[in-house]
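Novice: Quick one: the structure is below, questions incoming.
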Amino acid sequence: MTSAPAMATTALSDPEALSGEGGTKQPLSLLERARDNLSFRSAWSELNGAMGDLGTYIPIVLSLALSRHLDLGTTLIFTGIYNAVTGLVYGVPMPVQPMKAIAATALSDPSFDIPEIMAAGILTAAFVLLLGVTRLMKLVYWLVPLPVVRGIQLAQGLNFAMAAVKYIRYEQDLGKGKSAVGKLRPWAGLDGLVLAIAAVCFIVLVNGAGQDHVQGAQEEEDGEGNNSRSSGGWRSWRRRWASAIPSAVIVFVLGVVFAIIRHPAALRELRAGPSRMRVVHISREAWKQGFIKGAVPQIPLSVLNSVVAVCKLTRELFPEKEASATSVSVTMGAMNLVGCWFGAMPCCHGAGGLAGQYKFGGRSGACVAALGGLKLALGLVLGSSVLRVLASFPVGLLGVLLLFAGVELAIAARDMSSKAEAFVMLVCTAVSLVGSSAALGFLCGMVAHGLLLLRAWTVSSM
(Lines give C-alpha, C1' and ligand atoms only; values in the text may rest on other atoms or scores of the structure.)
Protein backbone atom coordinates (compact mmCIF):
# COMPACT_ATOMS: atom_id res chain seq x y z
CA MET A 1 0.00 0.00 0.00
CA THR A 2 2.98 2.29 -0.35
CA SER A 3 2.28 3.27 -3.91
CA ALA A 4 -0.61 5.67 -3.27
CA PRO A 5 1.23 7.75 -0.66
CA ALA A 6 4.14 7.81 -3.09
CA MET A 7 1.90 9.70 -5.53
CA ALA A 8 1.31 12.44 -2.98
CA THR A 9 5.06 12.65 -2.44
CA THR A 10 5.54 12.94 -6.20
CA ALA A 11 3.05 15.78 -6.42
CA LEU A 12 4.65 17.72 -3.58
CA SER A 13 8.23 17.05 -4.65
CA ASP A 14 7.73 18.59 -8.09
CA PRO A 15 7.99 22.29 -7.19
CA GLU A 16 7.58 25.08 -9.66
CA ALA A 17 10.74 26.28 -11.28
CA LEU A 18 10.80 29.85 -10.06
CA SER A 19 13.50 32.39 -10.63
CA GLY A 20 16.10 32.42 -7.92
CA GLU A 21 14.68 29.49 -5.96
CA GLY A 22 16.83 26.51 -5.15
CA GLY A 23 19.68 27.50 -7.45
CA THR A 24 23.30 28.17 -6.55
CA LYS A 25 24.37 29.77 -9.82
CA GLN A 26 25.18 33.46 -10.00
CA PRO A 27 22.32 35.38 -11.66
CA LEU A 28 23.01 36.50 -15.21
CA SER A 29 22.45 40.03 -16.40
CA LEU A 30 19.51 40.61 -18.74
CA LEU A 31 21.83 40.89 -21.75
CA GLU A 32 23.75 37.75 -20.86
CA ARG A 33 20.52 35.84 -20.25
CA ALA A 34 19.06 36.99 -23.58
CA ARG A 35 22.24 35.97 -25.39
CA ASP A 36 22.22 32.58 -23.68
CA ASN A 37 18.53 31.99 -24.38
CA LEU A 38 18.90 32.77 -28.09
CA SER A 39 22.20 30.98 -28.69
CA PHE A 40 22.15 28.10 -31.20
CA ARG A 41 23.29 24.84 -29.62
CA SER A 42 23.48 23.39 -33.13
CA ALA A 43 22.24 25.45 -36.06
CA TRP A 44 20.73 22.61 -38.09
CA SER A 45 19.24 20.89 -35.05
CA GLU A 46 17.56 24.08 -33.86
CA LEU A 47 16.19 24.87 -37.33
CA ASN A 48 15.00 21.28 -37.61
CA GLY A 49 13.28 21.55 -34.24
CA ALA A 50 11.47 24.69 -35.40
CA MET A 51 9.58 22.55 -37.93
CA GLY A 52 8.34 20.14 -35.24
CA ASP A 53 5.24 22.17 -34.39
CA LEU A 54 4.06 22.95 -37.93
CA GLY A 55 1.99 19.76 -38.13
CA THR A 56 -0.38 21.40 -35.65
CA TYR A 57 -0.04 25.05 -36.64
CA ILE A 58 -0.51 24.91 -40.41
CA PRO A 59 -3.67 22.73 -40.67
CA ILE A 60 -5.60 24.73 -38.05
CA VAL A 61 -4.60 28.18 -39.30
CA LEU A 62 -5.05 27.15 -42.93
CA SER A 63 -8.51 25.67 -42.24
CA LEU A 64 -9.68 28.84 -40.51
CA ALA A 65 -8.22 31.05 -43.25
CA LEU A 66 -10.13 29.09 -45.91
CA SER A 67 -13.43 28.60 -44.07
CA ARG A 68 -13.69 31.66 -41.80
CA HIS A 69 -11.48 34.12 -43.69
CA LEU A 70 -8.99 34.41 -40.84
CA ASP A 71 -6.36 37.02 -41.76
CA LEU A 72 -3.35 34.77 -42.36
CA GLY A 73 -0.92 37.65 -42.83
CA THR A 74 -1.83 39.26 -39.51
CA THR A 75 -1.71 35.88 -37.77
CA LEU A 76 1.77 35.21 -39.16
CA ILE A 77 3.04 38.59 -37.96
CA PHE A 78 1.70 38.29 -34.43
CA THR A 79 2.59 34.62 -33.94
CA GLY A 80 6.07 35.40 -35.27
CA ILE A 81 6.43 38.07 -32.58
CA TYR A 82 5.05 35.66 -29.97
CA ASN A 83 7.63 33.03 -30.98
CA ALA A 84 10.51 35.49 -30.76
CA VAL A 85 9.43 36.80 -27.35
CA THR A 86 8.91 33.35 -25.82
CA GLY A 87 12.27 32.16 -27.14
CA LEU A 88 13.93 35.23 -25.62
CA VAL A 89 12.15 34.92 -22.26
CA TYR A 90 12.37 31.16 -21.64
CA GLY A 91 15.39 29.93 -23.60
CA VAL A 92 13.61 26.69 -24.51
CA PRO A 93 11.57 25.73 -27.62
CA MET A 94 8.36 27.04 -26.03
CA PRO A 95 5.72 26.64 -28.75
CA VAL A 96 3.01 29.02 -29.91
CA GLN A 97 -0.05 27.06 -31.07
CA PRO A 98 -3.62 27.94 -32.04
CA MET A 99 -6.18 27.43 -29.28
CA LYS A 100 -7.63 24.10 -30.36
CA ALA A 101 -11.03 24.14 -28.61
CA ILE A 102 -11.83 27.56 -30.10
CA ALA A 103 -10.64 26.40 -33.52
CA ALA A 104 -12.77 23.23 -33.29
CA THR A 105 -15.86 25.29 -32.46
CA ALA A 106 -15.23 27.69 -35.33
CA LEU A 107 -14.81 24.85 -37.83
CA SER A 108 -17.95 23.02 -36.69
CA ASP A 109 -20.31 25.99 -36.14
CA PRO A 110 -20.97 28.29 -39.15
CA SER A 111 -22.30 31.03 -36.84
CA PHE A 112 -19.02 31.18 -34.91
CA ASP A 113 -17.16 33.74 -37.01
CA ILE A 114 -14.13 36.01 -36.59
CA PRO A 115 -15.67 38.30 -33.89
CA GLU A 116 -16.69 35.28 -31.82
CA ILE A 117 -13.25 33.67 -32.28
CA MET A 118 -11.49 36.82 -31.10
CA ALA A 119 -13.90 37.31 -28.17
CA ALA A 120 -13.26 33.73 -27.03
CA GLY A 121 -9.50 34.27 -27.28
CA ILE A 122 -9.59 37.53 -25.32
CA LEU A 123 -11.77 36.09 -22.56
CA THR A 124 -9.61 32.97 -22.24
CA ALA A 125 -6.45 35.07 -22.17
CA ALA A 126 -7.90 37.42 -19.54
CA PHE A 127 -8.82 34.50 -17.27
CA VAL A 128 -5.38 32.85 -17.60
CA LEU A 129 -3.64 36.22 -17.08
CA LEU A 130 -5.71 36.80 -13.94
CA LEU A 131 -4.63 33.43 -12.54
CA GLY A 132 -1.05 34.34 -13.34
CA VAL A 133 -0.83 37.83 -11.83
CA THR A 134 -2.66 36.72 -8.66
CA ARG A 135 -0.31 33.71 -8.34
CA LEU A 136 -3.31 31.37 -8.26
CA MET A 137 -1.83 29.45 -11.19
CA LYS A 138 1.10 28.56 -8.96
CA LEU A 139 -1.35 26.99 -6.53
CA VAL A 140 -2.97 25.01 -9.36
CA TYR A 141 0.48 23.83 -10.45
CA TRP A 142 1.30 22.56 -6.97
CA LEU A 143 -2.06 20.88 -6.37
CA VAL A 144 -2.29 18.91 -9.63
CA PRO A 145 -0.46 15.56 -9.11
CA LEU A 146 1.99 14.35 -11.73
CA PRO A 147 -0.07 11.25 -12.75
CA VAL A 148 -2.99 13.51 -13.70
CA VAL A 149 -0.68 15.73 -15.77
CA ARG A 150 0.75 12.66 -17.48
CA GLY A 151 -2.80 11.49 -18.23
CA ILE A 152 -3.59 14.80 -19.93
CA GLN A 153 -0.33 14.64 -21.89
CA LEU A 154 -0.96 11.03 -22.94
CA ALA A 155 -4.49 11.90 -24.10
CA GLN A 156 -3.29 14.95 -26.03
CA GLY A 157 -0.43 12.99 -27.59
CA LEU A 158 -2.74 10.16 -28.69
CA ASN A 159 -5.21 12.73 -30.05
CA PHE A 160 -2.43 14.26 -32.14
CA ALA A 161 -1.26 10.85 -33.34
CA MET A 162 -4.76 9.71 -34.32
CA ALA A 163 -5.43 12.98 -36.14
CA ALA A 164 -2.09 12.56 -37.91
CA VAL A 165 -3.03 9.06 -39.11
CA LYS A 166 -6.27 10.52 -40.52
CA TYR A 167 -4.26 13.21 -42.32
CA ILE A 168 -2.07 10.52 -43.84
CA ARG A 169 -4.76 7.95 -44.74
CA TYR A 170 -7.63 10.15 -45.90
CA GLU A 171 -7.92 13.13 -48.18
CA GLN A 172 -8.70 16.34 -46.29
CA ASP A 173 -11.04 19.22 -46.88
CA LEU A 174 -9.22 21.87 -44.87
CA GLY A 175 -11.81 24.45 -45.80
CA LYS A 176 -14.30 22.46 -43.70
CA GLY A 177 -11.74 21.20 -41.21
CA LYS A 178 -12.48 17.50 -41.71
CA SER A 179 -11.59 14.42 -43.71
CA ALA A 180 -13.39 13.61 -46.93
CA VAL A 181 -15.68 10.87 -45.63
CA GLY A 182 -14.56 7.42 -46.79
CA LYS A 183 -12.17 8.82 -49.39
CA LEU A 184 -8.81 7.15 -48.97
CA ARG A 185 -5.70 8.99 -50.05
CA PRO A 186 -4.31 7.58 -53.32
CA TRP A 187 -1.02 5.70 -53.18
CA ALA A 188 0.71 7.70 -55.91
CA GLY A 189 0.94 11.43 -56.51
CA LEU A 190 2.50 14.50 -54.91
CA ASP A 191 0.29 14.03 -51.85
CA GLY A 192 -0.01 10.25 -51.91
CA LEU A 193 0.45 7.53 -49.32
CA VAL A 194 3.82 6.53 -50.72
CA LEU A 195 5.18 10.03 -50.12
CA ALA A 196 3.91 10.10 -46.51
CA ILE A 197 5.20 6.60 -45.73
CA ALA A 198 8.59 7.48 -47.22
CA ALA A 199 8.73 10.61 -45.03
CA VAL A 200 7.91 8.55 -41.91
CA CYS A 201 10.64 6.02 -42.72
CA PHE A 202 13.14 8.81 -43.44
CA ILE A 203 12.50 10.54 -40.10
CA VAL A 204 12.68 7.26 -38.15
CA LEU A 205 15.99 6.37 -39.81
CA VAL A 206 17.45 9.80 -39.03
CA ASN A 207 15.96 10.57 -35.60
CA GLY A 208 15.16 7.11 -34.29
CA ALA A 209 12.86 6.98 -31.28
CA GLY A 210 14.17 10.27 -29.93
CA GLN A 211 16.71 11.06 -27.26
CA ASP A 212 16.38 11.55 -23.51
CA HIS A 213 17.82 14.84 -22.28
CA VAL A 214 20.12 12.98 -19.89
CA GLN A 215 21.42 10.79 -22.69
CA GLY A 216 21.98 13.80 -24.92
CA ALA A 217 23.91 15.66 -22.25
CA GLN A 218 26.10 12.63 -21.61
CA GLU A 219 26.87 12.26 -25.31
CA GLU A 220 27.92 15.90 -25.48
CA GLU A 221 30.30 15.29 -22.58
CA ASP A 222 31.64 12.17 -24.30
CA GLY A 223 32.23 14.16 -27.45
CA GLU A 224 34.44 16.61 -25.59
CA GLY A 225 36.82 13.85 -24.52
CA ASN A 226 39.63 12.27 -26.51
CA ASN A 227 37.96 8.91 -26.98
CA SER A 228 36.91 9.41 -30.60
CA ARG A 229 38.75 6.22 -31.60
CA SER A 230 36.95 4.05 -29.09
CA SER A 231 33.73 2.22 -29.93
CA GLY A 232 31.77 4.51 -27.59
CA GLY A 233 33.22 7.58 -29.30
CA TRP A 234 32.42 6.13 -32.72
CA ARG A 235 28.80 5.47 -31.73
CA SER A 236 28.53 8.97 -30.30
CA TRP A 237 29.93 10.44 -33.53
CA ARG A 238 27.42 8.48 -35.63
CA ARG A 239 24.54 9.69 -33.46
CA ARG A 240 25.66 13.31 -33.75
CA TRP A 241 26.06 12.92 -37.52
CA ALA A 242 22.56 11.49 -37.87
CA SER A 243 21.04 14.19 -35.65
CA ALA A 244 22.73 16.85 -37.79
CA ILE A 245 20.54 15.87 -40.77
CA PRO A 246 17.59 18.31 -40.66
CA SER A 247 14.88 15.72 -41.36
CA ALA A 248 11.90 17.98 -40.55
CA VAL A 249 13.38 20.87 -42.57
CA ILE A 250 13.86 18.56 -45.55
CA VAL A 251 10.27 17.28 -45.28
CA PHE A 252 8.87 20.82 -45.00
CA VAL A 253 10.93 22.22 -47.91
CA LEU A 254 9.93 19.22 -50.01
CA GLY A 255 6.30 19.97 -49.18
CA VAL A 256 6.68 23.59 -50.31
CA VAL A 257 8.27 22.46 -53.59
CA PHE A 258 5.46 19.96 -54.20
CA ALA A 259 2.86 22.62 -53.35
CA ILE A 260 4.29 24.88 -56.07
CA ILE A 261 4.39 21.98 -58.55
CA ARG A 262 0.77 21.11 -57.76
CA HIS A 263 -0.39 24.71 -58.17
CA PRO A 264 2.14 26.72 -60.24
CA ALA A 265 -0.28 29.64 -60.60
CA ALA A 266 0.12 30.27 -56.84
CA LEU A 267 3.43 32.00 -57.51
CA ARG A 268 1.75 34.50 -59.82
CA GLU A 269 -0.94 35.15 -57.19
CA LEU A 270 1.59 36.21 -54.54
CA ARG A 271 1.42 39.89 -53.62
CA ALA A 272 4.12 41.94 -51.94
CA GLY A 273 3.39 43.68 -48.67
CA PRO A 274 1.65 42.89 -45.39
CA SER A 275 -2.07 42.58 -44.87
CA ARG A 276 -3.88 45.70 -43.76
CA MET A 277 -4.60 45.40 -40.05
CA ARG A 278 -8.00 46.40 -38.71
CA VAL A 279 -9.41 46.38 -35.21
CA VAL A 280 -12.06 43.67 -34.97
CA HIS A 281 -15.48 44.95 -33.95
CA ILE A 282 -16.96 42.60 -31.36
CA SER A 283 -20.67 43.01 -30.64
CA ARG A 284 -22.36 42.14 -27.36
CA GLU A 285 -23.79 38.96 -28.91
CA ALA A 286 -20.32 37.99 -30.16
CA TRP A 287 -18.94 38.35 -26.62
CA LYS A 288 -21.74 36.14 -25.32
CA GLN A 289 -21.30 33.42 -27.96
CA GLY A 290 -17.52 33.63 -27.71
CA PHE A 291 -17.68 33.01 -23.98
CA ILE A 292 -20.23 30.18 -24.06
CA LYS A 293 -19.05 28.29 -27.14
CA GLY A 294 -15.34 29.15 -27.18
CA ALA A 295 -13.91 30.29 -23.86
CA VAL A 296 -15.74 27.79 -21.62
CA PRO A 297 -14.30 24.68 -23.35
CA GLN A 298 -10.92 26.36 -23.99
CA ILE A 299 -10.11 27.58 -20.46
CA PRO A 300 -9.64 24.11 -18.85
CA LEU A 301 -7.49 23.02 -21.80
CA SER A 302 -5.37 26.18 -21.57
CA VAL A 303 -4.87 25.89 -17.80
CA LEU A 304 -4.03 22.18 -17.84
CA ASN A 305 -2.17 21.59 -21.12
CA SER A 306 -0.87 25.06 -21.97
CA VAL A 307 0.38 25.98 -18.51
CA VAL A 308 0.56 23.13 -15.99
CA ALA A 309 1.63 20.38 -18.41
CA VAL A 310 4.01 22.70 -20.29
CA CYS A 311 5.77 23.77 -17.09
CA LYS A 312 6.17 20.19 -15.85
CA LEU A 313 7.44 18.99 -19.24
CA THR A 314 9.86 21.93 -19.43
CA ARG A 315 11.17 21.05 -15.98
CA GLU A 316 11.70 17.45 -17.13
CA LEU A 317 13.40 18.27 -20.43
CA PHE A 318 15.27 21.41 -19.34
CA PRO A 319 15.82 21.30 -15.55
CA GLU A 320 18.33 24.15 -15.76
CA LYS A 321 15.79 26.56 -17.28
CA GLU A 322 13.06 28.61 -15.63
CA ALA A 323 9.45 28.39 -16.81
CA SER A 324 7.12 29.08 -13.91
CA ALA A 325 3.37 28.66 -14.11
CA THR A 326 3.03 32.34 -13.26
CA SER A 327 5.26 33.57 -16.11
CA VAL A 328 3.76 31.20 -18.69
CA SER A 329 0.27 32.38 -17.73
CA VAL A 330 1.30 36.02 -18.07
CA THR A 331 2.96 35.62 -21.49
CA MET A 332 0.06 33.59 -22.84
CA GLY A 333 -2.52 36.06 -21.57
CA ALA A 334 -0.66 39.19 -22.64
CA MET A 335 0.01 38.11 -26.22
CA ASN A 336 -3.66 37.35 -26.91
CA LEU A 337 -4.94 40.51 -25.24
CA VAL A 338 -3.00 42.38 -27.93
CA GLY A 339 -3.16 40.23 -31.07
CA CYS A 340 -6.80 39.16 -30.92
CA TRP A 341 -8.03 42.74 -31.24
CA PHE A 342 -6.36 42.88 -34.67
CA GLY A 343 -7.67 39.53 -35.91
CA ALA A 344 -4.71 37.27 -35.08
CA MET A 345 -5.64 33.69 -34.23
CA PRO A 346 -5.88 33.13 -30.43
CA CYS A 347 -2.77 31.20 -29.38
CA CYS A 348 -1.37 29.40 -26.39
CA HIS A 349 1.62 27.33 -25.41
CA GLY A 350 1.27 23.57 -25.60
CA ALA A 351 3.01 20.45 -24.30
CA GLY A 352 2.57 18.78 -27.71
CA GLY A 353 4.42 21.54 -29.54
CA LEU A 354 7.23 21.50 -26.97
CA ALA A 355 7.56 17.72 -27.31
CA GLY A 356 7.51 17.93 -31.11
CA GLN A 357 10.19 20.61 -31.29
CA TYR A 358 12.33 18.73 -28.78
CA LYS A 359 11.86 15.53 -30.82
CA PHE A 360 13.35 17.18 -33.92
CA GLY A 361 16.30 18.83 -32.15
CA GLY A 362 15.08 22.06 -30.55
CA ARG A 363 17.12 22.76 -27.41
CA SER A 364 17.05 26.55 -26.96
CA GLY A 365 14.99 29.66 -27.50
CA ALA A 366 16.78 30.15 -30.81
CA CYS A 367 14.64 27.32 -32.22
CA VAL A 368 11.32 29.16 -31.83
CA ALA A 369 12.92 32.56 -32.45
CA ALA A 370 14.05 31.34 -35.88
CA LEU A 371 10.54 30.06 -36.59
CA GLY A 372 9.18 33.42 -35.45
CA GLY A 373 11.53 35.22 -37.80
CA LEU A 374 10.28 33.09 -40.71
CA LYS A 375 6.62 33.77 -39.85
CA LEU A 376 7.28 37.49 -39.41
CA ALA A 377 9.12 37.69 -42.73
CA LEU A 378 6.32 35.88 -44.58
CA GLY A 379 3.67 38.05 -42.94
CA LEU A 380 5.46 41.31 -43.75
CA VAL A 381 6.64 40.42 -47.26
CA LEU A 382 3.72 38.38 -48.64
CA GLY A 383 0.86 38.90 -46.19
CA SER A 384 -2.24 36.77 -46.72
CA SER A 385 -1.27 35.95 -50.30
CA VAL A 386 0.97 33.15 -48.97
CA LEU A 387 -2.30 31.26 -48.46
CA ARG A 388 -2.22 30.43 -52.19
CA VAL A 389 0.89 28.30 -51.72
CA LEU A 390 0.03 26.76 -48.34
CA ALA A 391 -3.40 25.67 -49.62
CA SER A 392 -1.61 23.21 -51.95
CA PHE A 393 0.85 21.92 -49.31
CA PRO A 394 0.70 18.09 -49.12
CA VAL A 395 -1.48 17.38 -46.09
CA GLY A 396 0.05 13.92 -45.73
CA LEU A 397 3.42 15.48 -44.93
CA LEU A 398 1.80 17.69 -42.28
CA GLY A 399 0.34 14.50 -40.82
CA VAL A 400 3.82 13.00 -40.63
CA LEU A 401 5.15 15.96 -38.60
CA LEU A 402 2.09 15.86 -36.33
CA LEU A 403 2.45 12.10 -35.82
CA PHE A 404 5.95 12.41 -34.36
CA ALA A 405 4.92 15.37 -32.18
CA GLY A 406 2.04 13.34 -30.74
CA VAL A 407 4.13 10.24 -30.10
CA GLU A 408 6.86 12.29 -28.41
CA LEU A 409 4.29 13.90 -26.09
CA ALA A 410 2.71 10.54 -25.24
CA ILE A 411 6.13 9.05 -24.44
CA ALA A 412 6.43 11.52 -21.53
CA ALA A 413 3.98 9.26 -19.64
CA ARG A 414 6.57 6.48 -19.40
CA ASP A 415 7.86 7.67 -16.01
CA MET A 416 4.92 6.38 -13.96
CA SER A 417 6.76 4.01 -11.63
CA SER A 418 3.90 2.42 -9.67
CA LYS A 419 0.65 0.71 -10.53
CA ALA A 420 -1.36 3.33 -8.62
CA GLU A 421 0.23 6.18 -10.62
CA ALA A 422 -0.40 4.35 -13.89
CA PHE A 423 -4.02 3.71 -12.83
CA VAL A 424 -4.72 7.41 -12.22
CA MET A 425 -2.98 8.37 -15.47
CA LEU A 426 -4.96 5.89 -17.55
CA VAL A 427 -8.30 6.87 -15.98
CA CYS A 428 -7.57 10.50 -16.87
CA THR A 429 -6.48 9.53 -20.40
CA ALA A 430 -9.46 7.26 -21.12
CA VAL A 431 -12.05 9.82 -20.00
CA SER A 432 -10.28 12.62 -21.88
CA LEU A 433 -10.23 10.60 -25.11
CA VAL A 434 -13.75 9.19 -24.97
CA GLY A 435 -15.37 12.34 -23.61
CA SER A 436 -13.25 14.64 -25.81
CA SER A 437 -12.79 16.84 -22.75
CA ALA A 438 -9.54 17.46 -20.91
CA ALA A 439 -11.54 19.06 -18.10
CA LEU A 440 -13.65 15.92 -17.56
CA GLY A 441 -10.56 13.72 -17.70
CA PHE A 442 -8.83 15.99 -15.20
CA LEU A 443 -11.79 15.81 -12.82
CA CYS A 444 -11.94 12.01 -12.97
CA GLY A 445 -8.19 11.73 -12.53
CA MET A 446 -8.24 13.98 -9.46
CA VAL A 447 -11.12 11.94 -7.95
CA ALA A 448 -9.25 8.66 -8.56
CA HIS A 449 -6.07 10.12 -7.05
CA GLY A 450 -7.96 11.35 -3.97
CA LEU A 451 -9.75 8.03 -3.45
CA LEU A 452 -6.45 6.12 -3.58
CA LEU A 453 -4.91 8.48 -1.05
CA LEU A 454 -7.98 8.11 1.21
CA ARG A 455 -7.83 4.32 0.93
CA ALA A 456 -4.12 4.27 1.75
CA TRP A 457 -4.66 6.54 4.77
CA THR A 458 -7.56 4.39 6.03
CA VAL A 459 -5.59 1.16 5.69
CA SER A 460 -2.52 2.61 7.39
CA SER A 461 -4.66 3.92 10.26
CA MET A 462 -6.21 0.49 10.80
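Novice: What is the list of residues in segment 115-140 whose amide nitrogen lies under 11 Å from a point 7 angstrom out from the Cα of ASP109, following Cα to Cβ?
Specialist: Only 116-117, 120 pass the distance filter.
Novice: Where only protein heavy atoms count, and the probe is 1.4 Å, what is the accessible area per residue for segment 120-206 in Å²?
Specialist: Dividing the accessible area of segment 120-206 by its residue count gives 47 Å².
Novice: In a Debye calculation with equal point scatterers on the alpha-carbon sites of segment 44-202 and no solvent, what is log10 I(q)/I(0) at q = 0.14 Å⁻¹?
Specialist: Scattering profile of segment 44-202, log10 relative to I(0): -0.97.
Novice: I've got another one for you. Quickly work out the VAL165-to-ALA43 label distance, labels modelled 7 Å from Cα along the C-beta direction, and quote it in nm with one decimal.
Specialist: Going by the 7 Å Cα→Cβ label model, 4.0 nm.
Novice: Could you compute the FRET efficiency for GLU285 and ALA430, with r as their C-beta to C-beta distance and R0 at 35 Å, rounded to 0.05?
Specialist: 0.40
Novice: Could you look at segment 387-462 and say what percent of its accessible area is carbon and sulfur, using a 1.4 Å probe and all protein chains?
Specialist: Exposed carbon and sulfur together represent 72 percent of the surface.
Novice: Under the 0.36 nm per residue contour assumption, what length would be gained going from the current alpha-carbon distance of MET462 and LEU380 to full extension?
Specialist: 22.6 nm
Novice: By per-residue mean of other Cβ atoms within 10 Å, what is the highest-first order of 396-406, 259-269, 379-389?
Specialist: Packing order, densest peptide first, comes out as 396-406, 379-389, 259-269.
Novice: Using DSSP to define loop residues, name the trypsin sites (Lys or Arg not before Pro) in segment 114-153 whose beta-carbon has at most 14 other beta-carbon atoms within 10 Å.
Specialist: Those satisfying the criteria are ARG135.
Novice: If the viscosity is 0.890 mPa s and the temperature 25 °C, what translational diffusion coefficient in µm²/s does Stokes-Einstein give for segment 328-428 when Rh comes from Kirkwood over Cα pairs?
Specialist: 147 µm²/s
Novice: Moving on to the next point. With every protein chain kept in place and ligands, DNA and RNA left out, what is the accessible area per residue of segment 318-462? Probe 1.4 Å, answer in Å².
Specialist: Heavy-atom SASA per residue in segment 318-462 reads 35 Å².
Novice: Same structure again: Leaving out ligands, DNA and RNA, what percent of the accessible area of segment 105-194 is carbon and sulfur, probe 1.4 Å?
Specialist: C and S atoms contribute 67 percent here.
Novice: Ok, one more. State the extension gain, in nm to one decimal, for the chain segment bounded by LYS183 and VAL204, taking 0.36 nm per residue of separation less the distance between their alpha-carbons.
Specialist: 4.8 nm
Novice: May I ask for the Kirkwood hydrodynamic radius of segment 404-462, worked out over all distinct Cα pairs and given in angstroms to one decimal?
Specialist: 12.6 Å
Novice: Now for a different question. Sorted from largest to smallest, which semi-axis lengths in Å does the alpha carbon gyration tensor of segment 258-413 give for its equivalent ellipsoid, taking the root of 5 times each eigenvalue?
Specialist: Taking √(5λ) for each eigenvalue gives 29, 24, 16 Å, largest first.
Novice: Which whole-number value in Å² is the accessible area per residue of segment 54-117, probe 1.4 Å?
Specialist: It amounts to 24 Å² per residue over segment 54-117.
Novice: What residues have an amide H closer than 5 Å to that of ALA344, excluding those fewer than 5 places away on the same chain, when H is modeled at 1.01 Å from N in the peptide plane?
Specialist: none
The values are calculated or read from the model by the stated rules, or taken from the named source; none is laboratory data. All figures in this text were calculated on a predicted structure; none of them were measured in a lab. Don't worry about glycine lacking a Cβ; one is built from the backbone with ideal geometry, like all the others, and counts go over all protein chains shown. For the accessible areas, the whole protein counts, side chains as well, though only heavy atoms, and no ligand, DNA or RNA atoms are used. Shrake-Rupley method; radii C 1.70, N 1.55, O 1.52, S 1.80 Å.
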